[in-house]
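Colleague: Here it is: the structure, laid out below.
The values are calculated or read from the model by the stated rules, or taken from the named source; none is laboratory data. Since the model is a prediction, treat every value here as computed from it, not as a measurement. Using ideal geometry, Cβ is built from the backbone for each residue, glycine included, and neighbour counts are taken over all protein chains shown. Surface accessibility is based on the protein's heavy atoms, side chains included, excluding ligands, DNA and RNA. Shrake-Rupley method; radii C 1.70, N 1.55, O 1.52, S 1.80 Å.
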Amino acid sequence: MLLPLLLGGLRDLGTVGAVAIDSAGNVACATSTGGLTNKRVGRVGDTACIGGILQGSGGYADNIVGATSTTGHGESIMKVVLARLILYHMEQGKSPEDAADVALNYMKTRVGGLGGVIVVSSSGDWTARFSTKQMAWATIKDDQLQI
Ligand code: ASP
C-alpha cells in the first residue's frame, strides 16, 4: 500500500488530499477542503468535481492510469479539468512528475491559476508537485514515512 497525502495549497486553506494504490493495483483518490476565503454563498469549487459535467477537476482515479488529488484555485482547476488533464498526459506516456508539471504549467499560463497535486501511477510511481510557493506532503510506503 502506497499512500501519498497533500496538505494545504494556497496559504492556510487546509485542503487535505490523498491518493493510494493497494497491492492488487487498485487506485483511489480523496480530497477535502473548506474552499476559498470570501467564497460566495453556494459556490461549488473544484473539490467536489470528481465526475459529472466537469469530470476530474478536484480528483480522479482510474486503475489503468493512476490517481490524483488537487488543491489550489478551484475556478482555474475546473477550467482546465486539472486532475483528468494530468492522467491524460500520463496516458500519453509522461511520468507522473512530468504530467503534473505540464498540467500545472498549462493552468498557470492558460488561465493564470496556481495549485498543487499529488499523483500515483498504476505502477506505484508517485509525485507531489505545485506551482504555489509551498505545499506540504507526506507519503507512506512499506511503513516508511517520507515528508
Ligand atoms: N481548491 C479549493 C477551492 O477552490 C481550495 C483548496 O485547495 O483548498 O475550493
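Colleague: Being closer than 15 Å to S123 by Cα, open to solvent by less than 70 Å² (accessible area, probe 1.4 Å) and out of contact with any helix residue (DSSP H, G or I) (no Cβ under 9 Å at 6 or more places or on another chain) is the filter here; which residues of the range 27-72 pass it?
Modeller: Of all residues in the range 27-72, those closer than 15 Å to S123 by Cα come to 27-28, 61-68.
Remaining after also requiring open to solvent by less than 70 Å² (accessible area, probe 1.4 Å): 27-28, 61-62, 65-68.
Result: V27, A28.
Colleague: Filter the range 88-129 for residues that are open to solvent by 80 Å² or more (accessible area, probe 1.4 Å) and part of a loop (DSSP other than H, G, I, E, B); which is farthest from I21 (Cα to Cα)?
Modeller: Q92
Colleague: Whether any residue in the range 23-45 is more than 20 Å from I147 (Cβ to Cβ), at pLDDT below 75, within 12 Å of the chain's Cα centre (by Cα) and more than 10 Å from the ligand (Cβ to nearest atom) is what I want to check.
Modeller: The answer is no, given that none of the residues of the range 23-45 is more than 20 Å from I147 (Cβ to Cβ), at pLDDT below 75, within 12 Å of the chain's Cα centre (by Cα) and more than 10 Å from the ligand (Cβ to nearest atom).
Colleague: Right, A83: away from the ligand (no atom under 14 Å from the Cβ) and of a type in the set (A, V, I, L, M) or not?
Modeller: no
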